[in-house]
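Notes to accompany the following structure.
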Amino acid sequence: MFARLVDAPAKPGKRNEIVAILQRELEPTLKKAPGFVDFVGLTSDTTPGEGITLTFWATKADAEKFYSTPEFRSKVLDPVMLLVEHMTIRTFNVETSTFHKVTAAKVA
């Protein structure tokens with residue numbers, strides 16, 4: 001199991017636009033992607049504009065393939081990049097989890 005964490009603070013007043021793109025474009029696109037397991041989008045309850053996304057994949061190769069597609073770039077990445085201060089991407093191997101979908105996928 002593989003996870004990808006994106007930290008992308010929103011420009012002032014742009015958080016809601018980013019969340020809308022993630023809900024309208026990213027979520028449905030992810031659900032069609034081979035190897036996709038789960039998606040979590042978090043916004044700070046104390047710092048306006050702070051937010052992260054975390055995606056879970058069966059393999060690192062599945063994630064890399066998805067994030068290099070023209071569909072992801074045109075529908076999600078390009079529009080979001082106009083609305084964020086910067087973007088930091090970190091990747092991880094999932095060693096343990098209590099998320100139902102992640103645990104189920106790891107067992108399968």
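The values are calculated or read from the model by the stated rules, or taken from the named source; none is laboratory data. In this text, all values refer to a predicted model and were calculated from it rather than measured experimentally. Just so you know, the surface numbers come from the protein's heavy atoms only, side chains and all, with ligands and any DNA or RNA stripped out. Shrake-Rupley method; radii C 1.70, N 1.55, O 1.52, S 1.80 Å.
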Carbon plus sulfur fraction of accessible area for region 7-108, probe 1.4 Å, in percent: 56 percent
For region 23-44 and region 58-99, what is the separation of their Cα centres, given in Å? 9 Å
Karplus couplings for region 34-47 from phi (6.51 cos²θ - 1.76 cosθ + 1.60, θ = phi - 60°), rounded to Hz, Gly and Pro as x? x, x, 5, 10, 7, 9, 10, x, 10, 10, 5, 8, 10, 10
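Any idea what the relative contact order of the chain is, in percent, if you count C-alpha pairs under 8 Å spaced at least 6 apart?
Relative contact order comes out at 45 percent.
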Note the listed values [x] 14.3, 47; [y] 16.7, 59; [z] 13.8, 43, then indicate which one is Rg and Dmax of the Cα atoms in Å calculated from this particular structure. [z]
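Distance cut-off 19 Å, Cα to Cα: go down the list Lys32/Lys60; Lys11/Lys31; Lys14/Lys60; Lys31/Lys60 and report the pairs above it. Kindly include the intermediate steps, with their values, before the conclusion.
Values: Lys32/Lys60 17 Å; Lys11/Lys31 28 Å; Lys14/Lys60 30 Å; Lys31/Lys60 16 Å.
Those over the limit are Lys11/Lys31; Lys14/Lys60.
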Helix-only mean residue ellipticity at 222 nm, the chain, DSSP H runs n ≥ 4 weighted -39,500 (n - 2.57), per residue, nearest 500. What is it? -7000 deg cm²/dmol
